[in-house]
1. May I ask you to order 207-218, 399-410 by the average number of other C-beta atoms within 10 Å around their residues, highest value first?
2. Let me understand region 435-576 better: what is its radius of gyration from the alpha carbons, and its Dmax, in angstrom?
3. Rounded, prolate or oblate, given the Cα gyration tensor of region 245-432, with a/c below 1.5 counting as rounded?
4. May I ask which of K47/K218; K56/K584; K303/K578; K202/K578; K47/K264; K517/K584 have a Cα-Cα span longer than 32 Å here?
5. So how far, in whole Å, is the C-alpha centre of region 517-581 from the one of region 388-445?
6. How much of the DSSP beta bridge set in the chain is antiparallel, as a percent to the nearest 5?
7. Arrange the following residues from fewest to most other Cβ atoms within 10 Å of their Cβ: H297, H326, H250.
8. What does the highest-first list of 376-383, 554-561 look like by mean Cβ count within 10 Å?
Amino acid sequence: MCGITGYIGKNKNAINVVINGLESLEYRGYDSAGIAYVLNNKVNIIKEQGKIVNLKNKIDFNIQSNLAIGHTRWATHGEPNQINSHPHSQGKFTIVHNGIIENYLELKQELIENGYKFKSSTDTEVACTYMDFIYSKNNNILKTLNEVSKVFRGSYAFGIICEDDLDNLYALRKTSPLIIANGNNENYIASDVPAILRYTNKYILLDDMEIAKINSDKVVVYNQNLEIVKKEILEFEGSFESSMKCGYEHFMLKEIHEEPSVFKNTINAYFDGDFKNIPDLTKYNNIHIVACGSAYHAGLVGKYLIEKYANIPVYVEVASEYRYKHNFYDKDTLVILVSQSGETADTLASLRMVKEKNIDTLSIVNVVGSSIARESKYVIYTKAGCEIAVATTKAYLAQISVFALITMYLSNNKSKEILEEINNIPNLLEEIINIDYKNISSEIYQNQNIFFIGRGIDYSICMEGSLKLKEISYINSVAYQAGELKHGTISLIEKNTPVVALCTDDSLLEKTISNIKEVKARGAKVIFITTSDIEGDFYDFKVNVPKVNELLQPIITIVPLQLIAYDVAKLNGCDIDKPRNLAKSVTVE
Ligand code: F6R
């Protein structure tokens, strides 16, 4: 949700570094982009509405600068036009910002009363102006940043340039992520690792309310008391290539093709015939799973498996609801937070709320060192690597793999049979990824409404398949429990309405087929995705999915749905990796 980056150094052109960095962060938002660079002791700003390519067209790359900051925006306050784009400047300060300053309206009033004028309707311009206001009184940049950090409510990661100190780049954060990477005679700041991976994989994480003063030779980090703090250097496991398309037309397709190795890496980290690196979860007798979007759908799969095989009641809720409702806990409740980014605002807020009640927390997170991972009592990292496409595929697959593992662990299932099945999953994934689904996609891509139906665990997969399709192709799609359709929704089925029907559970096959026949009788075009070899005239297309142990079945079944969504979006000419209105990491409520 907005990406920021910055560079100060003697080796490279700051403008190139910042633009490259922004391109790697574009998945965080693409409403507008902008850059501020220093040339001849003056700060220059260029910004443009829309994607980074629009900004690039306005930049003269022959200009050499050694200090720049940049921003790619997912609009929160103010429409996504040029004026509201970052960087913002006021007086001596120029800043880029990821997050939301919640009390910006009251601060704006105070600043107007002190004679300041505003060009935009953003909270960021207010933050920048407030920095200038405090600085005009104390003439000390560190003290200014320290003071504003105590006044600003909400979330922020700032990259800051002050005209009075063009030898340094400053950064300040609370809740929104910010990393600092060291080079030789050069340093970088960024919202996320992909922005720095082409230069280095070593970085430090700025903690809440910390301030960094960065020049080309060194980085000094201060805590809230303005004491210098020593920071741990972290190393990112993936390579630069992991953040590139590597010949694939889209990141989404590349990431689907990475699923066999993502599965293998995730399982191998926690199971080698015996469980390892899994915290002791045996004492909990009820579990809450809290997450948003696809991570919530992964939680639904988790609920189904844990309840059925480990016999523990599981309650699943979307984080934006959970954090504001009355929940029931006891001393043996475990709350599991699921998040690819580890920064999703509602999931993070739910975690913090639960911790205040002294309830134990476990997070299932992909981004190492992210806020949710750091603040949970226990963490199990998914090993999906960098996920760039806004629509998640491989990270979701890693999340449901972790739920299979947790279920095995809780039900103490480390049988020879499950081990053999696990070892075979990567091959089966390869096979199913390489099937061509275009005969199906080309039949449905022009429809305005598509339905997904399934029972039991298949319904959870339907929800994810339906979300994948609608978010990248903009076709309205809805997932329904197969037996529930006739209680209202079936009135929407008409001639040629596509219905994707999932059935991987033999015990529910007959019931599901009856529901399929109900829609078929009303003219639906049925795409039957199943592990069964049953044939009949109740479907138009059939996809045979290999039958595996039920714990692992969702890992296979989701793949055709991801690929059909991809093909449908492609046939519709959609921007697959950057669907409209979306951003990958949702750091606002
Ligand atoms: C959909 C998608 C989103 C995320 C959701 C949670 O393809 O990616 O629904 O799953 O925004 O994000 P994380 O997992 O980062 O908490």
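Every number in this text was worked out from the coordinates using simple rules, so none of it is lab data. In this text the structure is predicted, and so the values were computed from the model without any measurement. So basically every Cβ, Gly included, is an ideal-geometry build from the backbone, and we count neighbours across all protein chains shown.
1. Ranking, from highest mean packing down: 399-410, 207-218.
2. Cα only, region 435-576: 13.7, 40 Å (Rg, Dmax).
3. Oblate, because a/c is 1.5 or more while a/b does not exceed b/c.
4. K47/K264; K517/K584
5. Cα centroid of region 517-581 versus Cα centroid of region 388-445: 14 Å apart.
6. DSSP beta bridges in the chain are roughly 60 percent antiparallel.
7. H326, H250, H297
8. 554-561, 376-383
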